[in-house]
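The values are calculated or read from the model by the stated rules, or taken from the named source; none is laboratory data. Owing to the predicted nature of the structure, the values given are computational and were not obtained by experimental measurement. Positions of Cβ are generated from backbone atoms using ideal geometry, with glycine treated the same way; all protein chains shown enter the neighbour counts. Heads up: the accessible areas ignore ligands, DNA and RNA and are worked out on the full protein's heavy atoms, side chains in. Shrake-Rupley method; radii C 1.70, N 1.55, O 1.52, S 1.80 Å.
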Amino acid sequence: MKKLVSVILCVTMALLSFAACKADTDSPRQGYDDIGNIPGDYIFNSILLRDPDIKGVEVLYKYNVKTGEWSTVCRDPFCDHLDEKCMFWNHVLFTYIGNTIYIPKNDEEKGEYGIYAYNVETDEGGFIYHSKSMVTMPLVSYKYDLFFCETDNRRAIRFDTKTNTAHRMAEGYAANIFKARNGELIWARGSFFSNDKFYTDLDGNYLRECDHETYFGKYWYKQEKREGYYMALDMYVSEDGKNWDLLIENIGPAATYQDKIIYFSASPYTIEEIHEATHVQGSHISDYAPTQLWMCDPDGLLVDGVKLYMMASQQNNPMVCGDYIAASLYPDPMPVGGERLNTANLLIVNIKTGKYTITNPGI
């Protein structure tokens, strides 16, 4: 149980950094410029199959943000998407710009690694970049540019998808590109999950050390767990990263996008109560999941009566599209026996209108 709580909170804290809450009325860093998202018609999701006999297979799905209609990215009606015969088999290190998804792939015809671009609306795709060495994780997009490193001395590339031209960025950092936010790149020294991070501009020129991972625009954000509770947090804001003021109290996991803070309802249960219910009484953890999604600035309830699992599950895929954001739901029905929990069920919400769609691919 503690491991599950830790995983969810770690994902949430990472997501706090995917955009800044509104700093002031004159701030140029508003809207989806914060994460460089070019809106299209879809949110993309890589789903771990629930079949216990299929080990570690991820299938790429697309979800129409307006209708909630879902389908596999692969359009071959005779493909089962379960092995390398599928063009989009087992790809998790993807990103997307508008309706085009970008995937690091091996070009078997050329015997080289590369970046494959596929437009899901026009059904057109092809390699836009080739390399003698592999592309390391993650593949990051910001507006119309892709950023990635290669295993060959961690060579860093900025690729313009409008002109299909590559620019070799500044080197010598011995680091991986972690994410792009507010017109800057964040790098991680050593391990991708290292806390030793720093900022550069979009050409890789060094700017500063990463003072606090949740700093964007003009503010820092952090969450502190309420002692003894399964999932109850207080959110703080700071102008200097040193002096903190309470912003919202007693909430669940939170993230920021455009000028909004999006957060789950807090759990009223203590860790002991959850442990007793799930390990002794046989209840499932989803019975105690957050059921409400809230938005502040302005404050308001977005969604009620659903079993929320987590926000975006991948750093390079924040599951946003213009004014639409997505959160994973617990599967319905819940897995039984050896079946695994996946993130196929999505709640897709328009943060401007409050309208939402619940998807259930049933896989």
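If only one of Cys296, Cys321 is within 30 Å of Leu146 (Cα to Cα) and open to solvent by less than 60 Å² (accessible area, probe 1.4 Å), which one is it? It would help to see each step written out before you state the result.
Working: Cys296 fails: within 30 Å of Leu146 (Cα to Cα).
Result of the check over Cys296, Cys321: Cys321.
Somewhere in the range 47-66, is a residue under 17 Å from the mean Cα position of the chain (by Cα), part of a strand (DSSP E or B), of a type in the set (Ser, Thr, Tyr) and at pLDDT 95 or above?
yes
Can you confirm whether the range 279-293 contains a residue that is open to solvent by 20 Å² or more (accessible area, probe 1.4 Å), assigned to a strand (DSSP E or B) and under 18 Å from Ile348 (Cα atoms)?
Yes.
Could you count how many residues in the range 83-103 are open to solvent by less than 30 Å² (accessible area, probe 1.4 Å) and either hydrophobic (A, V, I, L, M, F, W, C) or not in a loop (DSSP other than H, G, I, E, B) (or both)?
10
Report, by residue number, each residue of the range 67-82 that is open to solvent by 60 Å² or more (accessible area, probe 1.4 Å) and over 21 Å from Thr343 (Cβ atoms).
Residues satisfying the conditions are Arg75, Asp76, Pro77, Phe78.
Please work out which residue is farthest from Tyr288 (Cα to Cα), limiting yourself to the range 229-248 and to residues that are aliphatic (A, V, I, L, M) and in a loop (DSSP other than H, G, I, E, B).
Taking the range 229-248 first, the residues aliphatic (A, V, I, L, M) are 231-233, 235, 237, 246-248.
Still in the running and in a loop (DSSP other than H, G, I, E, B): 231-232.
Working: Met231: 10, Ala232: 12 Å.
Among residues in the range 229-248 that are aliphatic (A, V, I, L, M) and in a loop (DSSP other than H, G, I, E, B), the one farthest from Tyr288 (Cα to Cα) is Ala232.
Restrict the check to the range 264-278 and report whether at least one residue is aromatic (Phe, Trp, Tyr), open to solvent by 10 Å² or more (accessible area, probe 1.4 Å), in contact with a Phe, Trp or Tyr (Cβ under 9 Å, 6 or more places away or on another chain) and closer than 20 Å to Thr357 by Cβ.
Here is the first cut: in the range 264-278, the ones aromatic (Phe, Trp, Tyr) are 264, 269.
In the following step, the residues that additionally are open to solvent by 10 Å² or more (accessible area, probe 1.4 Å) were identified as 269.
Adding the requirement that they be in contact with a Phe, Trp or Tyr (Cβ under 9 Å, 6 or more places away or on another chain) leaves 269.
Imposing the further condition that a residue be closer than 20 Å to Thr357 by Cβ reduces the set to none.
Within the range 264-278 (the criterion being aromatic (Phe, Trp, Tyr), open to solvent by 10 Å² or more (accessible area, probe 1.4 Å), in contact with a Phe, Trp or Tyr (Cβ under 9 Å, 6 or more places away or on another chain) and closer than 20 Å to Thr357 by Cβ), the answer is no, since none of the residues qualifies.
When you check Pro331 against the structure, is it at pLDDT below 90 and more than 19 Å from Ile261 (Cβ to Cβ), yes or no?
The answer is yes for Pro331.
Open to solvent by less than 10 Å² (accessible area, probe 1.4 Å), part of a loop (DSSP other than H, G, I, E, B) and at pLDDT 85 or above - does that describe any residue in the range 182-202?
no
What number of residues within the range 287-306 are of a type in the set (A, V, I, L, M, F, W, C) and closer than 16 Å to Ser267 by Cβ? Walk me through it before giving the result.
So in the range 287-306, the residues of a type in the set (A, V, I, L, M, F, W, C) come out as 289, 293-296, 301-303, 306.
Imposing the further condition that a residue be closer than 16 Å to Ser267 by Cβ reduces the set to 289, 293-294, 306.
Counting residues in the range 287-306 that are of a type in the set (A, V, I, L, M, F, W, C) and closer than 16 Å to Ser267 by Cβ gives 4.
Kindly establish whether Lys218 is basic (Lys, Arg), under 30 Å from Ala170 (Cα atoms) and at pLDDT below 85. Spell out how you get there, then give the answer.
Numbers: basic (Lys, Arg): yes; under 30 Å from Ala170 (Cα atoms): yes; at pLDDT below 85: yes.
When the stated conditions are applied, Lys218 passes them.
Consider Ala289 carefully, then state whether it is of a type in the set (Gly, Ala, Ser) and modelled with pLDDT of 90 or more.
Values: of a type in the set (Gly, Ala, Ser): yes; modelled with pLDDT of 90 or more: no.
When the stated conditions are applied, Ala289 does not pass them.
Do you know which residues across the range 67-82 are part of a loop (DSSP other than H, G, I, E, B) and in contact with a strand residue (DSSP E or B) (Cβ under 6 Å, 6 or more places away or on another chain)?
Gly68, Val73, His81
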